[in-house]
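Heads up: the structure comes next, in structure tokens.
The values are calculated or read from the model by the stated rules, or taken from the named source; none is laboratory data. Remember, it's a predicted structure, so these values are computed and weren't measured experimentally. Here the Cβ positions follow ideal geometry from the backbone for every residue, glycine too, while neighbour counts run over all protein chains shown. Remember, those area values only see protein heavy atoms, side chains included, never the ligands or the DNA or RNA. Shrake-Rupley method; radii C 1.70, N 1.55, O 1.52, S 1.80 Å.
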Amino acid sequence: MANKEDSPKLVALIPARGGSVRVPGKNTRLLAGHPLIAYTISAAIESGVFDTVVVSTDEKRTAEIGRYYGAEAPFLRPARYSESTSPDIEFVVHALDKYKKSGTEFDAFSILRPTSPFRKPQTIQRAWSEFQATGPSVDSLRAVERCNEHPMKMWVIRGNLMHPLFAFGPQDQPWHSSQYPTLPEIYVQNASLEIAWSRVALEGRTIAGETIMPFLTVDDEGIDVNNKYDWAIVEQMIAAGDAKLPEVHQAPYQD
């Protein structure tokens, strides 16, 4: 799992706080026989690019499940960093600081969210290779995909009238009345993965920095599971063979 000695040290940070409003206990809820978080841990370990794979959680049970599937969970995240409104930078700096105090420093970190279970080891390898190729010229990499709902076709409502989010395009024609092939290509971020140099978080107090490169996910790599509707859809996709989860080598976790 470790990098070569002359390569940057990279840590995978898997955020898995206990609270979830839309799907209670989603990070440890079973999907195709394993807790959801197991697929992210497995993909991270199998990718072979990380020196350490860490679960950042405020729950003892989630930490136990993380360790069962091969991740480290040497500390619990403080409750103040585990609210539904807590910014990501808090758990990232908390983890990097904890490891630094124990004598381990990482050059870069990757955020791998359990809600993207279809991210493969090869996905991570591709992203890390693309990020490394840029060297220090960019602060971070973020997964994106083409928008299905184009913002040029979106509106805001004020009172009993609505106004286009974006007004006019070429030749003074409104974007909302333009054909889709004439609209600019727009990408939306997904939760599949992020990679950044540690200095971006520790010095700049941000997980992204100012120079951000895109990482284009393909097929099922960027599917995000965040609510009950998403869950039902991915279960159908798995059953139909339309989406494939990373292989998990452990037997299913038992409480």
For Asn190, distant residues with modelled amide H under 5 Å away: Ala143, Val144, Glu145
C-alpha center-to-center spacing [the stretch 51-129, the stretch 165-189] in angstrom: 39
0 to 90° range, to nearest 10: angle between helix 88-101 axis and the chain longest Cα axis: 20
Projected label distance in nm at Trp155 and Asn227, using a 7 Å step from Cα toward the beta-carbon: 2.1
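Students often get this wrong, so check it: of Lys9/Lys101; Lys60/Lys120; Lys9/Lys98, which have C-alpha atoms separated by over 19 Å? Mind dumping the intermediate values first?
Values: Lys9/Lys101 16 Å; Lys60/Lys120 27 Å; Lys9/Lys98 16 Å.
In this structure, Lys60/Lys120 exceed 19 Å between Cα atoms.
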Answer label, with Cα extents along the principal axes in Å calculated from the coordinates and candidates [x] 52, 46, 29; [y] 51, 40, 37; [z] 60, 42, 35: [z]
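How would the stretch 37-150 be classified by its alpha-carbon gyration tensor: rounded, prolate or oblate, with rounded meaning a/c under 1.5 and the a/b versus b/c comparison settling the rest? Before the final figure, lay out each step's value.
Details: a/c = 1.39, a/b = 1.30, b/c = 1.07.
Rounded shape, in that the Cα axes give a/c under 1.5.
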Percent accessible area from carbon and sulfur atoms, the chain, protein chains only, probe 1.4 Å: 50
Probe 1.4 Å, accessible area per residue of the chain, Å²: 52
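Helix-derived [θ] at 222 nm for the chain: sum -39500 (n - 2.57) over DSSP H runs of at least 4, divide by residue count, nearest 500? Don't jump to the answer; show the numbers that get you there.
On the way: 6 runs with 69 residues, N = 255.
Only helices count here, giving -8500 deg cm²/dmol.
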Gaussian network model of the chain, springs between alpha carbon atoms under 10 Å - residue of Leu31, Leu165, Leu76 with greatest fluctuation: Leu165
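Report the relative contact order of the chain, percent, no decimals, based on alpha-carbon pairs under 8 angstrom and at least 6 residues apart. Each step should come with its number before you reach the end.
Working: 466 pairs, mean separation 62.8, N = 255.
Result for the chain is 25 percent.
Relative contact order for the stretch 175-246: what percent, with Cα pairs under 8 Å and sequence separation of 6 or more?
Numbers: 29 pairs, mean separation 16.8, N = 72.
Taking the mean separation of contacting Cα pairs over the length of the stretch 175-246, I get 23 percent.
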Derived scalar couplings ³J(HN,Hα) [the stretch 158-165; Karplus, 6.51 cos²θ - 1.76 cosθ + 1.60; whole Hz; x for Gly, Pro]: 10, x, 9, 10, 10, 10, x, 4
Rounded tilt (10° steps) of 36-47 against the dominant C-alpha axis of the chain: 80
Estimated dipole of the stretch 103-252 in Debye, rounded to 20 [Cβ of Lys and Arg +1, of Asp and Glu -1, Cα centre]: 280
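Would you work out the charge dipole size for the stretch 1-110 about its Cα centre, treating the Cβ of every Lys and Arg as +1 and the Cβ of every Asp and Glu as -1, and quote it to the nearest 20 debye? Walk me through the numbers on the way to the answer.
Working: 14 positive and 14 negative charges, 98 e Å.
Computed about the Cα centre, the dipole is about 480 debye.
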For Glu221, solvent-accessible area (1.4 Å; no DNA, RNA or ligand), Å²: 10
Degrees separating the helix 121-134 axis from the principal Cα axis of the chain, which is the longest one: 80
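Under a Cβ-only charge scheme (Lys and Arg +1, Asp and Glu -1), can you give me the dipole magnitude of the chain about the Cα centre, in debye to the nearest 20?
Working: 26 positive and 32 negative charges, 128 e Å.
With Lys and Arg at +1 and Asp and Glu at -1, about 620 debye.
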Inter-label distance, nm, simple model (7 Å from Cα along the C-beta direction), Met237/Tyr187: 1.9
